[in-house]
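Below: one structure, written as structure tokens.
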Amino acid sequence: VRMSFLTLTGTPIENSLSDLWSQVHFFNRNMLGSLPIFLSEVKKSTQQQLYRKLLHPFILRRTKTDVLPDLPEKQITVQWCDMTEAQHKTYKDHRNFYRDKFLNNKDENGKVNAFVLLEGLLRLRQIANHPILVDKSYDELSGKFELVIEMLSEITENGNKIIVFSSFVEHLKLLRETLDSTGIVYAYLDGSTKDRKEQVEKFQHNPDVKIFLLSLKAGGTGLN
């Protein structure tokens, strides 16, 4: 009995050489030899052309240009919102603190510390989401957080599903607490989630699960 094998993947060549090797090893075992040998040999310029010729007949590749006509037009809506008064005060206080810290942190050559700047920008991003991410004693509202909750309610009430991405896991946890308090069911995935597949399938196949809370880092691995 003759068997044919086919693998589907996103961007194995762009992702990593080990990803490419695993795909080839599945449909044509040992064609590229062992993984350590392949990773060593493929780095040699004299061998790269050989590997290109060897792999070319086995790869059917669709580029972005090929698939664009089949994709629906992307729709982007920018939603502006205002900070609450308490949130704005917290934002300004931290902005002034990190501005002074940045200007006063200079080395012997007069160069400023870029890490202080990056830390300040990170904290301001978090405060724009919700000040409690930076200050655990903060007990006021967040303009953005309240608007997101309002939008989630409107979208789900219309029968639609929505994925909420965030770079900050603590921000997702705040959303979880709010959804839990209202009895709204949802799927959730961050770097610590063990049942990734179950969470994805719950969102895809359960009509009652209309919200998927997803961290950017975890969602960028193995999901589309």
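The values are calculated or read from the model by the stated rules, or taken from the named source; none is laboratory data. This one's a predicted model, so the numbers in the text were calculated from it and none came from an experiment. Positions of Cβ are backbone-derived with ideal geometry, glycine not excepted, and every protein chain shown enters the neighbour counts. These area figures cover heavy atoms from the full protein model, side chains too; ligands, DNA and RNA do not enter into them. Shrake-Rupley method; radii C 1.70, N 1.55, O 1.52, S 1.80 Å.
Residues GLU198, GLU119: which one is surrounded by fewer than 14 Cβ atoms within 10 Å (Cβ to Cβ), part of a helix (DSSP H, G or I) and at pLDDT 90 or above?
On inspection, the qualifying residue turns out to be GLU198.
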Here is a list of conditions, (1) open to solvent by 30 Å² or more (accessible area, probe 1.4 Å); (2) over 23 Å from the mean Cα position of the chain (by Cα), and LEU147 meets all of them except one; can you say which number that is? (2)
The condition from (1) under 23 Å from LYS144 (Cβ atoms); (2) aliphatic (A, V, I, L, M); (3) open to solvent by less than 80 Å² (accessible area, probe 1.4 Å) that LEU216 misses is numbered (3)
Just to be sure I understand the filter: pairs with C-beta atoms under 9 Å, separated by 6 or more residues or on different chains, first member in segment 139-159 and in contact (Cβ under 8 Å) with a residue 60 or more places away in the chain, second member exposed (fewer than 14 other Cβ atoms within 10 Å of the Cβ) and of a type in the set (S, T, N, Q). Which pairs pass? LEU147/GLN79; MET151/GLN79
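Could you pull out the residue among TYR91, TYR98 that is in contact with a helix residue (DSSP H, G or I) (Cβ under 7 Å, 6 or more places away or on another chain), surrounded by 10 or more Cβ atoms within 10 Å (Cβ to Cβ) and closer than 19 Å to PHE145 by Cβ?
On the way: TYR98 fails: closer than 19 Å to PHE145 by Cβ.
Result: TYR91 is the single residue among TYR91, TYR98 that is in contact with a helix residue (DSSP H, G or I) (Cβ under 7 Å, 6 or more places away or on another chain), surrounded by 10 or more Cβ atoms within 10 Å (Cβ to Cβ) and closer than 19 Å to PHE145 by Cβ.
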Out of (1) open to solvent by 90 Å² or more (accessible area, probe 1.4 Å); (2) of a type outside the set (A, V, I, L, M); (3) more than 30 Å from THR7 (Cα to Cα), the odd one out for ARG52 is which? (3)
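Taking the condition of being closer than 28 Å to ASP19 by Cα and surrounded by 11 or more Cβ atoms within 10 Å (Cβ to Cβ), how many residues in segment 171-194 meet it?
Within segment 171-194, the first condition is being closer than 28 Å to ASP19 by Cα, and the residues that meet it are 188-194.
Restricting the remaining residues to those that are surrounded by 11 or more Cβ atoms within 10 Å (Cβ to Cβ) gives 188-190, 193.
Total meeting the criteria: 4.
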Every residue in segment 125-144 that is exposed (fewer than 15 other Cβ atoms within 10 Å of the Cβ) and in a helix (DSSP H, G or I), please. ARG125
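Do we have ASP82 as among the charged types (D, E, K, R), closer than 30 Å to ILE149 by Cβ and touching a residue at least 60 places away in the same chain (Cβ under 8 Å) here?
Values: among the charged types (D, E, K, R): yes; closer than 30 Å to ILE149 by Cβ: yes; touching a residue at least 60 places away in the same chain (Cβ under 8 Å): yes.
Answer is yes for this residue.
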